[in-house]
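To start, the structure itself, in structure tokens.
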Amino acid sequence: MPGKIAEYSELLRSGKISSTELTKAYLDEISASNPKYNAFVSVDPDRALKAAAKADKAIKNGEGGLLTGIPYGVKDNIAEKGVVTDCCSKILENYRPTYNAAVIEKLNAGYAVPLGKNNMDEFAMGSSTETSVYGAALNPVNTSFVPGGSSGGGAAAVRAGMATFALGSDTGGSIRQPAAFTGIVGLKPTYGAVSRYGLIAYGSSLDQIGPMTTSVEDAAVVFDAISGSDKRDMTSSPLSSPVSDKLTGDVKKMRIGYPKEYFEGIDPEVKSIVESAFSFYEKAGATIKEVSVPALKSALPAYYIIACAEASSNLGRYDGIRYGIRASDYDDVNDMIMKTRSMGFGKEVKRRIMLGTYVLSAGYFDAYYKQALRVRESVSEAMRDLFASVDALLTPVAPTTAFPLNYTSENMIETYMSDFCTVPVNIAGLPAVSLPAGTAKSGLPVGMQIIGAKFREDVILNAALAYEADHPVKTDMGVRI
Ligand code: GLN
């Protein structure tokens with residue numbers, strides 16, 4: 001895998017390489033590898049090289065920071081001014097935002113180098129990156145398998161060494177599960193830690209942008225660069241603080257919870273690899289405590305009700321008038337909206353809009369939506385209580401390794417169910433990191449998840465750093481400088 005951000009930054013600062021050279025190396029790698037993995041859906045070499053030239057100038061003037069001159073990928077649902085950002089959906093074909101997302105503003109201000117847009121499930125609804133209008137992304141570890149989803153393109157790009165890092169979004173696991181399936185690191189920040197301004201909404205009360213990287217240290221660096229409060233996102237919070245300088249890798253005295261509900265229904269090989277991580281932490285001086293969150297079992301149905309309800313409302317804006325495409329033959333405005341939405345949205349998006357509309361409709365609102373909000377409250381409360389007696393929870397990320405291609409379309413319910421380890425974190429607004437735990441006999445990566453209390457990204461990344469130092473991931477893919 002390519003170097004870490006800090007290593008590249010050092011090479012850039014010392015003048016051993018320029019950002020232009022580094023960016024060209026990444027663009028060459030994309031030309032060579034992207035046809036195999038379909039991780040990027042658009043790449044703009046001119047824009048990247050212009051940004052690299054700016055970064056080189058900044059470095060000469062002693063400006064910028066750790067991300068100056070570093071090439072990265074952006075999920076196709078994060079707005080970049082003038083750059084097609086279509087959520088991998090037909091309905092937003094050729095949509096070019098007129099403004100930058102808050103995270104892009106921050107990365108631009110630090111002279112990072114955007115390479116292009118990463119593939120994703122349409123509107124971030126999915127777990128395999130197969131519902132993209134651009135076709136499926138493939139897992140670089142083994143191309144008979146998916147890279148996970150919905151941020152599967154970013155995960156594949158990072159794993160294959162086509163980007164130093166990628167920005168993903170996580171509504172119910174979309175950063176963590178692809179990270180686990182491809183053997184990289186993914187951080188879902190605390191709800192409110194990173195501005196959602198410019199993130200095309202799926203489930204607004206659950207969505208968070210976060211980094212996908214090859215190392216824990218890089219995840220911390222990117223988190224520090226993109227986090228912070230923002231007036232334009234009313235749910236953004238001033239409580240988050242930088243984490244990079246707090247990471248020591250020392251887990252002595254750390255209290256780690258083993259939440260037993262998370263280990264039920266997990267593939268035996270995945271289970272035993274994740275469970276062996278507890279022995280590592282114990283040896284490193286942490287205390288392990290078995291804990292129980294009975295409310296957890298209801299988190300999955302609550303998630304799908306809330307996420308679909310919010311999606312049905314958020315996606316109401318795609319009416320053929322304000323954004324994207326419009327059907328050509330129609331009788332009146334209603335017919336136009338109906339035809340545009342019928343041809344513009346894919347099957348899975350339509351299914352979720354219908355489910356969401358159903359649970360919000362009169363007569364069902366109390367039975368489904370209100371009930372889901374109650375479950376949400378009880379999961380959040382149970383989690384809050386838990387973090388009084390433990391510092392972190394250690395769990396699997398997904399019950400299996402990566403799905404084979406075409407599995408999800410034929411096994412929709414099983415695919416929804418496979419989110420049960422990741423969605424409670426979004427329901428409760430907590431931070432969680434997914435990192436490589438080991439490798440299955442098939443050669444596919446197995447991930448593990450460390451969940452923390454709100455705004456304690458430092459605690460979970462510190463625990464992740466300790467494990468990573470002892471279990472390095474080796475690969476020969478990608479750019480080498
Ligand atoms: N797999 C989940 C879903 O389909 C998560 C999606 C996400 O986090 N964007 O809803």
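Within the range 42-54, at least one residue is modelled with pLDDT of 95 or more, under 23 Å from residue 478 (Cα atoms), hydroxyl-bearing (Ser, Thr, Tyr) and not in a helix (DSSP H, G or I). Here residue 132 does not fit the description of being farther than 17 Å from residue 216 by Cα and under 12 Å from the mean Cα position of the chain (by Cα). Please work out if residue 401 is within 14 Å of the ligand (Cβ to nearest atom) and crowded, with 17+ Cβ neighbours inside 10 Å. In short, no. Once the range 160-198 is narrowed to residues that are more than 20 Å from residue 80 (Cα to Cα) and in a strand (DSSP E or B), the residue that is farthest from the ligand (Cβ to nearest atom) is 185.
Take the residues in the range 202-259 that are part of a loop (DSSP other than H, G, I, E, B), among the hydrophobic types (A, V, I, L, M, F, W, C) and more than 16 Å from the ligand (Cβ to nearest atom); name whichever of them is most open to solvent (accessible area, probe 1.4 Å). Can you show your working first?
Step one: of the range 202-259, the residues part of a loop (DSSP other than H, G, I, E, B) are 202-207, 214-215, 228-243, 247-254.
When the remaining residues are screened for being among the hydrophobic types (A, V, I, L, M, F, W, C), the result is 206, 234, 239, 243, 247, 251, 254.
Add one more test, that the residue is more than 16 Å from the ligand (Cβ to nearest atom), and what stays is 234, 239, 243, 247, 251, 254.
Working: 234: 183, 239: 119, 243: 3, 247: 34, 251: 4, 254: 17 Å².
Residue satisfying both the conditions and the ranking: 234.
Residue by residue, here is whether (1) away from the ligand (no atom under 16 Å from the Cβ); (2) open to solvent by less than 10 Å² (accessible area, probe 1.4 Å); (3) among the acidic types (Asp, Glu); (4) touching a residue at least 40 places away in the same chain (Cβ under 8 Å) holds:
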{"position": "99", "(1), (2), (3), (4)": "yes, no, no, yes"}
{"position": "110", "(1), (2), (3), (4)": "yes, no, no, yes"}
{"position": "124", "(1), (2), (3), (4)": "no, yes, no, yes"}
{"position": "128", "(1), (2), (3), (4)": "no, yes, no, yes"}
{"position": "141", "(1), (2), (3), (4)": "yes, no, no, yes"}
{"position": "147", "(1), (2), (3), (4)": "no, yes, no, yes"}
{"position": "158", "(1), (2), (3), (4)": "yes, yes, no, yes"}
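Selection within the range 34-87: residues that are of a type in the set (A, V, I, L, M) and over 17 Å from residue 112 (Cα atoms). The member of this set that is least open to solvent (accessible area, probe 1.4 Å) is 39. Say we look at the range 326-345 and pick out the residues that are of a type outside the set (Ser, Thr, Tyr) and open to solvent by less than 20 Å² (accessible area, probe 1.4 Å); which of these is farthest from residue 122 (Cα to Cα)? Within the range 326-345, the match that is farthest from residue 122 (Cα to Cα) is 336. Among the residues of the range 330-353, those that are assigned to a helix (DSSP H, G or I) and either more than 15 Å from the ligand (Cβ to nearest atom) or touching a strand residue (DSSP E or B) at 6+ places or on another chain (Cβ under 6 Å) (or both) comprise 333, 334, 335, 336, 337, 338, 339, 340, 341, 342, 343, 344.
Which members of the range 431-481 meet the condition of being assigned to a strand (DSSP E or B) and either of a type outside the set (A, V, I, L, M) or at pLDDT below 95 (or both)? Steps first, answer last, please.
Residues of the range 431-481 that are assigned to a strand (DSSP E or B), as a first pass: 432-439, 445-452.
Scanning the range 431-481 gives 434, 436, 438, 439, 445, 447, 449, 452.
Name every residue in the range 385-414 that is of a type outside the set (Gly, Ala, Ser), touching a helix residue (DSSP H, G or I) at 6+ places or on another chain (Cβ under 9 Å) and either closer than 21 Å to residue 140 by Cα or part of a strand (DSSP E or B) (or both), in order of residue number. Those that are of a type outside the set (Gly, Ala, Ser), touching a helix residue (DSSP H, G or I) at 6+ places or on another chain (Cβ under 9 Å) and either closer than 21 Å to residue 140 by Cα or part of a strand (DSSP E or B) (or both): 393, 394, 395, 396, 397, 399, 400, 401, 403, 407, 408.
The values are calculated or read from the model by the stated rules, or taken from the named source; none is laboratory data. All figures in this text were calculated on a predicted structure; none of them were measured in a lab. As a convention, Cβ positions derive from the backbone with ideal geometry for all residues, glycine included, and neighbour counts pool all protein chains shown. Quick note on the areas: whole protein, heavy atoms, side chains included, nothing else; ligands and nucleic acids left out. Shrake-Rupley method; radii C 1.70, N 1.55, O 1.52, S 1.80 Å.
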